[in-house]
1. Sort out for me the Cα centre separation of region A:67-111 from region A:140-201, rounded to whole Å.
2. Check cross-link reach from A:LYS120 to the lysines: straight Cα distance under 26 Å, and skip same-chain residues fewer than eight apart.
3. In region B:76-143, what GluC sites (Glu not before Pro) fall in a loop by DSSP, with at most 10 other Cβ atoms inside 10 Å?
4. Between A:ILE157, A:ILE211, A:ILE39, which gets the highest mean-square fluctuation from a Gaussian network model of chain A, Cα cutoff 10 Å?
5. B:LYS19 versus B:THR3, label points 7 Å from Cα toward the beta carbon: distance in nm?
6. For region B:119-151, which trypsin sites (Lys or Arg not before Pro) are both in a DSSP coil and crowded by at most 15 other Cβ atoms within 10 Å?
7. Would you mind computing, in nm to one decimal, how far apart the modelled labels at A:GLU109 and A:LYS223 are, each placed 7 Å from Cα along Cα→Cβ?
8. Given springs between every Cα pair under 10 Å in a Gaussian network model of chain B, which of B:VAL54, B:VAL28, B:VAL101 has the largest fluctuation?
Amino acid sequence: MGKPLPQYMIDIKKLSGMIGIQISGTEVRIGALTSVEDIRNNQILKRHFASLTQAAEQFAGVQIRHRATIGGNICNASPAGDLLPGLYAADAELTILSKGGYRRQSIREFIIGPGKTTLKPGELLYNIHLPITGRNSKFYKLGLRQSMAISVVNLAISWESSSAGAFHFSLTSGSVAPTVVYLKHFADAVNSSPRDLDTFLPLIDKDISPITDIRATSDYRRKVLKNIVRHELKTILEAPVV
Amino acid sequence: MTTELFDLEVSLNGETIQKQIPTHLMLVDFLRDVLDLTGTKEVCGEGECGACTVLLNGLTVDSCLIFAVETHGSQIATIEGIADDETISRLQQAFIDHHSVQCGYCIPGMILSGEHILKENPHPSRSEVISAFAGNICRCTGYHKILDAVEFAHQEDHS
């Protein structure tokens, strides 16, 4: 079923130098062949990039997580890829290896459309770099069931707050456009006046262009994303500052 | 497409197996059609249902999504390796005691997922057990009796 097999396939899963999660200076480095289950269970990510941990927890089922890799989730470039909003929210950068050496590119420039990346023949996604910033993050997934489901809408929020009550949010959402998008218009407005977030919700429409497919209609996605954003931001705004 | 052959060597249920196989053969077909180990079931063939679950180097995987050649040099455990001729596992006995089996087609995969969670986490909570079975679909039981069996197996382990 599906596409015919290509003439040759190269199995790269056992390249141990491309597996693992470590802190390197001011960033966390993740090998492209690190499994989603290892992402889910990793304590460094849990501490610094909770949205990635939460996305991995809701990712497919155990058997798939044991085989699926973060590099595969990125290069597959699905608009609904569950690790992607958290990686965008963390300003992830990628190193791409080829015979000629390395190049480095941000994930938002690497993914250019559904299933499309800037990866050229002879290139391999090698490492994912996440700058450690001390920002909080969380992930929300809406699927048609809890497991083994493709997201109808997903959302990562990254934020910092000051004791004076100021917030700085960054919001990234998947399954609402050809690639993961930043809800920039909304975030700019809400950062200037967090308590008025309800009035800014229509600005979300400026950054998304959802389609109707078997999982949901375009209108439903527009509506439900606003509901999720409102609920998640209120939860953050109403939590006691620690 | 010409059929390329590969000399595969794996440790299967503790026994070294060497076979020449086509490179495009899926692991589930290698187990069922080449080795005649038909305890592993294929249902959806696309990684949705978990009926074909086996352990690859101790981790649960869907054998319908893996080429047999990818397992070269690895350890594989199937449902046939869980019991020996004399005894069945504690979890298998718990499935019998709790009437967890109806049509039975999903059960080999359920047992392997259950053995895996109990090895990783000998005393899982109910919600951890549910999440461990997220990739195993059963269309008969409604799951409760399967979850009861896993819970009983680890509580028994407690005493």
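1. 20
2. A:LYS3, A:LYS13, A:LYS14, A:LYS99
3. Working: sites: B:GLU80, B:GLU86, B:GLU115, B:GLU120, B:GLU128; in loops: B:GLU86.
Taking region B:76-143 and a limit of 10 other Cβ atoms within 10 Å, the loop GluC sites (Glu not before Pro) found are B:GLU86.
4. A:ILE211
5. 1.3
6. Details: sites: B:LYS119, B:ARG126, B:ARG139, B:LYS145; in loops: B:ARG139.
Within region B:119-151, the qualifying trypsin sites (Lys or Arg not before Pro) (loop, at most 15 other Cβ atoms within 10 Å) are B:ARG139.
7. With each label point 7 Å from Cα toward Cβ, the separation is 4.0 nm.
8. Taking springs between Cα atoms under 10 Å, the residue moving most is B:VAL101.
Bear in mind that the values in this text are calculations on the coordinates, not laboratory data. In this text, all values refer to a predicted model and were calculated from it rather than measured experimentally. Note that we place each Cβ from the backbone using ideal geometry, even for glycine, and neighbour counts take in every protein chain shown.
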